[in-house]
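This report refers to the structure that appears directly beneath it.
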Amino acid sequence: MPRYDAARIEPFWQAHWDEHKTFETPTLPERDGEYPGGKLYALDMFPYPSGSGLHVGHPEGYTATDIVCRHARMNGKHVLHPMGWDAFGLPAEQHAIKTGVHPRVTTKENIDTFRRQLKALGFSYDWSREVATTDVDYFRWTQWIFLELYDTWFDPESGRGRPIAELPIPGEIESEGAEAVRRYQDGHRLAYQHEAPVNWCPALGTVLANEEVIDGKSERGNHPVERLPLRQWMLRITAYADRLLDGLEGLDWPESVKALQRNWIGRSTGAEVDFKLVGRDEALRVYTTRPDTLYGATYMVVAPEHPLVDSLVTDETREAVEAYRRDAAFKSDLDRTELSKEKTGVFSGSHAVNPLTGQPVPVWVADYVLMGYGTGAIMAVPAHDTRDWEFATAFDLPIVPVVDPPANWKPSKDEQKLAREIDGVTRYPFTGAGTAINSGEFDGTPTGEFKIAVIKKLTDEGVGSEAVNYKLRDWLFSRQHFWGEPFPLWHELDADGNLTGLVRVEESLPVDLPKDFDFKPHGRPEPPLDEAPAEWLYKTADDGVRLKRETNSMPQWAGSCWYYLRFVDPRNGDRFVGEEAEKHWLPVDLYIGGAEHAVLHLLYARFWHHVLYDRGHVSTSEPFGKLVNQGMILGEPEADGRAYKMSKSRGNVVNPDDVVADYGADSLRLYEMFMGPLEQTKPWQMSGVEGVYRFLARVWRTITDEDADEVRLNPAVRDVEPTEEQERAILKTIKGVGDDIEKLAFNTAISKMMEFVNGFSADSVRPKSVAERFTLVLAPFAPHLAEELWRLLGHQSSLAYEPWPEVDESKLVESTVEIPVQVNGKVRAKLTVAAAADRDALTEAARSDAAVARHLDGKSVVKVVAVPGRMINFVVKG
Ligand code: ANZ
């Protein structure tokens, strides 16, 4: 009668854990030796509490860390397993503009939903450590860290960040006075102001985030979007490029993620080369990674924003160039640089001289060259660069090959797509290394050697030098939104109320958002806070200077840059994290989350952590030791046999609440771990949930008595000694599951438990000690069911801290084995011997076997080859 009833068991145990604070973790051990297993900090990427609630992708990683944590507690570890909310974000603000409901209200509702859903899944989070990035107590420290960044400059000599007060001030600046010194310091801080383009949508009267712009139009309403320069805050992450590259070396991260970060940082080495402008004293400086192709540079390109453009144009070209620049202003960098997008450009009207050939080449203006990379100008070598090739073929510019490909070279797919008929032969761009041709004195030189030689030559002649460049850009750290952390900064105003460019730090944190303020778009590109109530926005400093608050807000990335530090010591009112607590817990031992965060979140968080490390606030230079990306869960396979990404529009989204209602949280947890390897992408299948549910129901029947009127133990479960076979089976399961958990191989761990239950449920006598140990092994995966069984087996308290059952490995080996006995390589008998039998025992047993003895009779044994546990062979003569 009492069938497996997840709906009864699960809420009971969730309430029990809550009531008993089962998973609250002391910040520091209370006595020596309290945690013989050491510490484990297992972290999930905290979610953005969206209005649509949890989806089945969330519990995948969360279940994985939860299993690891539960297993670790049973192994005597001090476990930190926190959860919180990445709660700032655009949707709540957009919702507020539409409905008038304050983002704080919406955010709180969404968090409540997420918390309820997560609690219903039985995760062993220490909920007393919950934080939301929108909590004032949290973001006061986000603001504090920002001020640390603001107070830091990167000293290239020591390769680390130092207090701005230690920045050496050149004498000539010093002599200009205090303001000059302040401006000089401002030019070196890790946080600095800069005019950067934003997506301004005149029709909506607001600035849009990149993700709100699709093909140059607003996502809402499809209105044109302009790129407009606006004063912004930038973070000088580029200063840390090398540190962020080097730091990757020691991390236990997937190679693919490291590669993504390396590519994003994009360190390249090459040369800067000066091309003298014809008829002028000035030169146009380019950055190239292929100085060996200088002889093939048949034209040059400057970015439309290049400062020299105005002086390059002539009366004939001015109009066309200006029109071109206006058009380019509407395009994003991505639009401009995508391969095989149609190339556009205009001739500037000027020429420059190739420093090696002495030949003048035309200078073009084209938007496939970006102002933000290298020098914003290039020498174009169409024969060996695909974008230059596309441009040259579009505008009929000369293509001169200067690198001879190796004999076995075949054009790649991309190169093949660019094939052109030139003078009757099909030609392709060649972008690899080879041997120089058409390159004067350098003909015959291999690419690598040529690069070194030409850089030396250019350096000697004073027209070039070696240079390093990074793809990484400084981080645009301000948003024109209301719902974000306010910057703790004031601007000094002049007599007319204009910003002077000088800034003061807010001494008293936190700076909260203004209350009772209608932050709807006001029709200007400036942020909504620019219309905040005057008492929030302005003040007069003690020295009489009029001040206005910074009205940009921080991007959503800010809060997620350091939440793992706050979890360690979330209620500390004096410091962003207590020193001792930080030393004890950091680095995070296991960090699990989606691959979509492989670059930005992880890079930004690492950057902040490096700065905090340089400034002596944390004890490790890297925050995350081991990183794992869980694979994506796709929708149920469709009629065409394929599985697609879950989406509302496809109608294939699985709601975890429904699964919990139908099968229970333990089934959901078990299924998500059983679907396949954690890191793999895999389709959802409801039949699979059904399958693991049946397994759990079988576990229930194996240990409890379904025929009884009330819940009680199955009569087969008795206080008797296990048989040798039963003992071996449970030990094998304990060992196998434990090892698999450590390898994060949860699917195989579950298979092992299923195999065990298949055998055990068929036994008519089920020793209690075996049932107990199996219950403990099941606990990390299906904690509610395990707690329920544990209680039925006669235990009063939670099994959460029960030691993981021990395995005497010697008992694992099968006690007897059957081995073949050979005479001169022919099998003459099969022998059953003790598995532990050594060479001598084996030889003796074989000799005493009648069949073997017959074959040895009258022969002399010249050699015995015996492999204990495997085989024995007698080599005989005569
Ligand atoms: C001549 C050349 C010849 C180039 C050749 C490449 C191949 P990475 O490797 O990514 O650093 N470049 C330089 N500045 C640019 C800018 N602001 N916008 C667009 N392209 C720019 O790329 C460096 C190469 O990208 C440079 O080397 C330059 O083209 C181009 F056979 O110079 B190269």
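The values are calculated or read from the model by the stated rules, or taken from the named source; none is laboratory data. Keep in mind that what you see is a predicted model, and the values were worked out from it rather than measured. Heads up, the Cβs are rebuilt from the backbone with ideal geometry, glycines too, and the neighbour counts pull from every protein chain shown. Surface accessibility is based on the protein's heavy atoms, side chains included, excluding ligands, DNA and RNA. Shrake-Rupley method; radii C 1.70, N 1.55, O 1.52, S 1.80 Å.
Some notes on this structure:
For every residue, the table says whether it meets (1) part of a strand (DSSP E or B); (2) more than 28 Å from ILE164 (Cα to Cα).
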| position | (1), (2) |
| --- | --- |
| LEU458 | no, yes |
| ALA467 | yes, no |
| LYS471 | no, no |
| ASP496 | no, yes |
| LEU502 | yes, no |
| SER508 | no, no |
| VAL511 | no, no |
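- Residue within segment 371-388 that is over 23 Å from VAL463 (Cβ atoms) and in contact with a strand residue (DSSP E or B) (Cβ under 9 Å, 6 or more places away or on another chain) present: yes
- Between ARG669, ARG698, the distinction of being open to solvent by less than 20 Å² (accessible area, probe 1.4 Å) and outside any loop (DSSP other than H, G, I, E, B) belongs to ARG669 only.
- Residue under evaluation GLU342, criteria (1) surrounded by fewer than 21 Cβ atoms within 10 Å (Cβ to Cβ); (2) over 42 Å from the mean Cα position of the chain (by Cα); (3) away from the ligand (no atom under 13 Å from the Cβ); (4) touching a residue at least 40 places away in the same chain (Cβ under 8 Å), criterion not met: (2)
- Close pairs from segment 521-548: first at pLDDT 95 or above, partner of a type in the set (Phe, Trp, Tyr) and open to solvent by 50 Å² or more (accessible area, probe 1.4 Å), Cβ under 9 Å, at least 6 apart: ARG546/TYR538; LEU547/TYR538; LYS548/TYR538
- Residue count for segment 672-692, restricted to those that are free of Cβ contacts under 8 Å to residues at least 40 places away in the same chain and open to solvent by 10 Å² or more (accessible area, probe 1.4 Å): 4
- Checked against the criteria, GLY448 does not count as open to solvent by less than 60 Å² (accessible area, probe 1.4 Å) and in a loop (DSSP other than H, G, I, E, B).
- Of the strands (runs of 3 or more DSSP E) lying entirely inside segment 216-324, those containing at least 2 residues that are open to solvent by 40 Å² or more (accessible area, probe 1.4 Å) and away from the ligand (no atom under 16 Å from the Cβ) span 226-235.
- Enumeration of residues in segment 370-382 that are assigned to a loop (DSSP other than H, G, I, E, B), at pLDDT 95 or above and open to solvent by 20 Å² or more (accessible area, probe 1.4 Å): THR375
- Between GLY122, GLY159, GLY177, the distinction of being open to solvent by less than 60 Å² (accessible area, probe 1.4 Å), touching a Phe, Trp or Tyr at 6+ places or on another chain (Cβ under 8 Å) and on the phi > 0 side of the Ramachandran plot belongs to GLY122 only.
- Among the residues making up segment 27-37, those that are open to solvent by less than 80 Å² (accessible area, probe 1.4 Å) and over 17 Å from ASN75 (Cα atoms) are THR27, LEU28.
- Against the criterion of being closer than 24 Å to PRO229 by Cβ and open to solvent by 10 Å² or more (accessible area, probe 1.4 Å), PRO486 does not qualify.
- Some residue of segment 754-766 being surrounded by fewer than 19 Cβ atoms within 10 Å (Cβ to Cβ), among the small types (Gly, Ala, Ser), outside any loop (DSSP other than H, G, I, E, B) and touching a helix residue (DSSP H, G or I) at 6+ places or on another chain (Cβ under 9 Å): yes
- Inclusion of ASN408 among residues that are surrounded by 15 or more Cβ atoms within 10 Å (Cβ to Cβ) and out of contact with any helix residue (DSSP H, G or I) (no Cβ under 9 Å at 6 or more places or on another chain) is not warranted.
- Considering only residues in segment 574-615 that are more than 16 Å from ILE237 (Cβ to Cβ) and acidic (Asp, Glu), the one that is farthest from the chain's Cα centre (by Cα) turns out to be ASP574.
Yes/no per residue for (1) touching a helix residue (DSSP H, G or I) at 6+ places or on another chain (Cβ under 7 Å); (2) polar (S, T, N, Q); (3) over 26 Å from SER52 (Cβ atoms):
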{"position": "LYS98", "(1), (2), (3)": "no, no, no"}
{"position": "ILE111", "(1), (2), (3)": "no, no, no"}
{"position": "TYR150", "(1), (2), (3)": "no, no, yes"}
{"position": "GLU174", "(1), (2), (3)": "yes, no, yes"}
{"position": "GLU179", "(1), (2), (3)": "no, no, yes"}
{"position": "ARG182", "(1), (2), (3)": "no, no, yes"}
{"position": "ARG189", "(1), (2), (3)": "yes, no, yes"}
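- Within segment 767-795, the residues that satisfy the criterion of being assigned to a loop (DSSP other than H, G, I, E, B) and open to solvent by 40 Å² or more (accessible area, probe 1.4 Å) are GLY794, HIS795.
- Members of segment 429-445 found to be touching a residue at least 24 places away in the same chain (Cβ under 8 Å) and either within 12 Å of the ligand (Cβ to nearest atom) or outside any loop (DSSP other than H, G, I, E, B) (or both), listed by number: PRO429, PHE430, THR431, GLY432, ALA433, GLY434, THR435, ALA436, GLY440, PHE442
- Residue among ASP385, ASP396 that is within 12 Å of the ligand (Cβ to nearest atom) and either surrounded by fewer than 20 Cβ atoms within 10 Å (Cβ to Cβ) or of a type in the set (Asp, Glu) (or both): ASP385
- Subset of segment 835-849 [within 19 Å of SER815 (Cβ to Cβ), touching a residue at least 24 places away in the same chain (Cβ under 8 Å) and among the acidic types (Asp, Glu)]: ASP838
- Looking across segment 352-369, the residues that are under 21 Å from ARG325 (Cβ atoms), more than 7 Å from the ligand (Cβ to nearest atom) and buried (at least 20 other Cβ atoms within 10 Å of the Cβ) come down to ALA352, VAL363, TRP364, VAL365, ALA366, ASP367.
- Some residue of segment 798-806 being more than 39 Å from the chain's Cα centre (by Cα) and open to solvent by 20 Å² or more (accessible area, probe 1.4 Å): no
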